[in-house]
Amino acid sequence: MTLPKRVTIFEMGARDGLQNEKALIATDDKVRYIDLLSESGLQWIEATSFVSPKAIPQLADAAEVFARIRKAPGVRYPVLVPNLRGYTRAREAGADAIAVFTAASENFTKRNINMTIDESLETFRDVVRAAQRDKVWVRGYVSTAFGSPFGDAVSAQMVVDVCVKLMELGCDELSIGDTIGVGVPSQVATLVPLLARVISLDRIALHFHDTRGTALANVYAGLEHGVAKFDSSSGGLGGCPYAPGATGNVGTEDVLYMLHQMGIETGVDLAKVRAASRFIAGVIDHTLTSKAYQAMEAANPV
């Protein structure tokens, strides 16, 4: 077994992390949080989402946040867009990398965006076409790849089928998500080889939630099968606003600690990610869930 020598971290805290916070966070604090993350060596930081403010009020200041963050050299700042209107807003704000989202579960897609999977893909067709015209990088999210919060079965082949359709639309990269944190390593070991038959693994990222404590085990299973890009959220912020109980993206600190101890390079400074997490922890009203973050805070609280 040969593990990747280097792994890329796609930081989700500023968007997927903060969107679930009930108390509105000041724009200044969001900007400061992203700027601190930008100092850590991360190459990918998802900055915000240009969804309807009615859907996610926490991100209503997307344009201002994106305009004000310091764009560090060598760092990309993708933003989530739900449709062509969101894409237009993102472009007006200066975004040059976007993400679109669908799911492998029909029930989840219907309840999330009131569309079937195929209808959601049609919505994104014009978005991706516009992005290709504008030379904008596009990521496609596939949620509920390891299970649905609404009880419908999601097979590995269903996930692959959606992924193939997204690639045919023109996505540059896909993120395969365990939206409700039910996935286990054996599922990863089944899914990734199926994906690898039809999509190059350098265009695949895995996105795990630690709801049931399996996220790092799943990351390791992904490594074993050749995946070298993983989504994570500083401090373990986040979840999914449309999936009951789906708290806890895997903490960036946890992933970094494991990778670094295994001798796998990331180019990311764990201490600087911790500093960003510490800042945002002082803004929100609850404890961060990342175990590595908690251990570092306990050992050196200053």
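Bear in mind these aren't lab numbers, they're just calculated from the coordinates by the rules spelled out. This one's a predicted model, so the numbers in the text were calculated from it and none came from an experiment. Here the Cβ is made from the backbone with ideal geometry for all residues, glycine too, and neighbour counts use every protein chain on show.
Taking the conditions (1) touching a residue at least 40 places away in the same chain (Cβ under 8 Å); (2) under 12 Å from Ala103 (Cα atoms) in turn, Val128 satisfies each one other than (2). Just one of the numbered conditions (1) free of Cβ contacts under 8 Å to residues at least 12 places away in the same chain; (2) farther than 25 Å from Lys54 by Cα is not true of Lys110: (2). Is at least one residue of region 230-241 within 13 Å of Phe146 (Cβ to Cβ) and in a helix (DSSP H, G or I)? The answer is no; no qualifying residue exists. Got at least one residue in region 78-85 being more than 22 Å from Gly248 (Cβ to Cβ), outside any helix (DSSP H, G or I) and of a type in the set (A, V, I, L, M, F, W, C)? Within region 78-85 (the criterion being more than 22 Å from Gly248 (Cβ to Cβ), outside any helix (DSSP H, G or I) and of a type in the set (A, V, I, L, M, F, W, C)), the answer is yes, since at least one residue qualifies.
Filter region 58-77 for residues that are in a loop (DSSP other than H, G, I, E, B) and of a type in the set (Gly, Ala, Ser) and give the result. Reasoning before the result, please.
First, the residues of region 58-77 that are in a loop (DSSP other than H, G, I, E, B): 60-61, 69-75, 77.
Answer for region 58-77, where residues must be in a loop (DSSP other than H, G, I, E, B) and of a type in the set (Gly, Ala, Ser): Ala60, Ala72, Gly74.
Please enumerate the residues belonging to region 202-215 that are surrounded by 19 or more Cβ atoms within 10 Å (Cβ to Cβ) and not aromatic (Phe, Trp, Tyr).
If we filter region 202-215 for residues that are surrounded by 19 or more Cβ atoms within 10 Å (Cβ to Cβ), which is where we start, we get 204-211, 214-215.
If the condition is that a residue be surrounded by 19 or more Cβ atoms within 10 Å (Cβ to Cβ) and not aromatic (Phe, Trp, Tyr), then Ile204, Ala205, Leu206, His207, His209, Asp210, Thr211, Thr214, Ala215 are the ones that fit.
Restricting region 1-53 to residues that are of a type in the set (Gly, Ala, Ser) and within 18 Å of Gly94 (Cβ to Cβ), the residue that is surrounded by the fewest Cβ atoms within 10 Å (Cβ to Cβ) is Ser38.
Answer yes if at least one residue in region 38-52 is part of a helix (DSSP H, G or I) and hydroxyl-bearing (Ser, Thr, Tyr), and no otherwise.
yes
Give the residue, chosen from Gly151, Gly183, that is small (Gly, Ala, Ser) and surrounded by fewer than 16 Cβ atoms within 10 Å (Cβ to Cβ).
Details: Gly183 fails: surrounded by fewer than 16 Cβ atoms within 10 Å (Cβ to Cβ).
It is Gly151.
Residues checked against (1) of a type in the set (Val, Ile, Thr); (2) closer than 26 Å to Ser49 by Cβ:
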{"position": "Val138", "(1), (2)": "yes, yes"}
{"position": "Gly151", "(1), (2)": "no, no"}
{"position": "Cys163", "(1), (2)": "no, yes"}
{"position": "Asp210", "(1), (2)": "no, yes"}
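Quick grid of which residues meet (1) free of Cβ contacts under 8 Å to residues at least 40 places away in the same chain; (2) under 29 Å from Glu39 (Cα atoms); (3) acidic (Asp, Glu); (4) surrounded by fewer than 16 Cβ atoms within 10 Å (Cβ to Cβ):
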residue	(1), (2), (3), (4)
Asp61	yes, yes, yes, no
Ile69	yes, yes, no, no
Arg76	no, yes, no, no
Val81	no, yes, no, no
Tyr87	no, yes, no, no
Arg91	no, yes, no, no
Gly94	yes, yes, no, yes
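Collect the residues in region 80-102 that are among the small types (Gly, Ala, Ser) and touching a strand residue (DSSP E or B) at 6+ places or on another chain (Cβ under 9 Å), keeping them in residue-number order. Steps first, answer last, please.
Of the residues in region 80-102, the ones among the small types (Gly, Ala, Ser) are 86, 90, 93-95, 97, 99.
Residues satisfying the conditions are Gly86, Ala90, Ala93, Ala95, Ala97, Ala99.
Go over the candidates Val219, Val273 one by one and state the one that is outside any loop (DSSP other than H, G, I, E, B), under 21 Å from Phe146 (Cα atoms) and of a type outside the set (Asp, Glu).
Val219
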